[in-house]
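Here is the structure we will look at.
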């Protein structure tokens, strides 16, 4: 059974810092990995999707990497802003089964 | 707005009552998914449809839960005889056909069972 773990569970940083969120998964036979953002009480917003054949994806200040063989992904956020405060979830996809981690709750202080 | 919509956004009910939630996917998406999310956890897969066919159901989907997508467009999720443990956020997502496609999520329906 696929298990997805996110570390740390919570992170607080001052504005302007670069930061890394970690995601690990136990079964490397995945189609893709996706990073989402979730604001309190809201749905999920897709940030980046990395197919299993890819190593990384970039969007603006966000960069996500994937090392399928070791079962790891990182989400790098450059020059963090208070508006980045949210919970960040990673999810791995195999067939029609998407498994989520519990998320990292990020707070960026002004 | 052409995103995924869900109704209602919030529902408070008493234990034992039935509730029904609706999801309207992005119009050209033929895949529709339901997830449940409890506080502090990531979403858990419940079921998915390809057009009107329900192709997979999680073990989490007990016999009190039923989902339909009668015309391959909107979907409903009904919970019968609600229990306090059903309190959660119920999320709907849609995607184009293909297991490698991005899923687009709705805002969710937050259920509280008293």
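The values are calculated or read from the model by the stated rules, or taken from the named source; none is laboratory data. This structure is a prediction, so every number in the text was calculated from the model and none was measured. Here the Cβ positions follow ideal geometry from the backbone for every residue, glycine too, while neighbour counts run over all protein chains shown.
Taking the conditions (1) over 10 Å from the mean Cα position of the chain (by Cα); (2) closer than 28 Å to residue A:2 by Cα; (3) touching a residue at least 60 places away in the same chain (Cβ under 8 Å) in turn, residue B:88 satisfies each one other than (3).
Does the stretch A:49-59 contain any residue that is buried (at least 19 other Cβ atoms within 10 Å of the Cβ) and touching a residue at least 12 places away in the same chain (Cβ under 8 Å)? Yes, the stretch A:49-59 contains a residue that is buried (at least 19 other Cβ atoms within 10 Å of the Cβ) and touching a residue at least 12 places away in the same chain (Cβ under 8 Å). Within the stretch B:46-56, identify whether any single residue is within 30 Å of residue A:104 (Cβ to Cβ), surrounded by fewer than 15 Cβ atoms within 10 Å (Cβ to Cβ) and either in contact (Cβ under 8 Å) with a residue 24 or more places away in the chain or in contact with a strand residue (DSSP E or B) (Cβ under 7 Å, 6 or more places away or on another chain) (or both), and answer yes or no. Taking every residue of the stretch B:46-56 in turn, none turns out to be within 30 Å of residue A:104 (Cβ to Cβ), surrounded by fewer than 15 Cβ atoms within 10 Å (Cβ to Cβ) and either in contact (Cβ under 8 Å) with a residue 24 or more places away in the chain or in contact with a strand residue (DSSP E or B) (Cβ under 7 Å, 6 or more places away or on another chain) (or both).
Suppose we filter the stretch A:62-97 for residues that are more than 24 Å from residue A:16 (Cβ to Cβ) and part of a loop (DSSP other than H, G, I, E, B); how many remain? Residues meeting the conditions: 6. Put simply, of A:21, A:49, A:66 the only residue that is under 11 Å from the mean Cα position of the chain (by Cα) and at pLDDT below 95 is A:49. The test for being away from every other protein chain (no Cβ under 13 Å) and either part of a loop (DSSP other than H, G, I, E, B) or under 15 Å from residue A:97 (Cβ atoms) (or both) holds for residue B:61. Within the stretch B:79-101, the set of residues being under 22 Å from residue B:29 (Cβ atoms) and surrounded by fewer than 16 Cβ atoms within 10 Å (Cβ to Cβ) comprises B:96, B:97, B:98, B:99, B:100.
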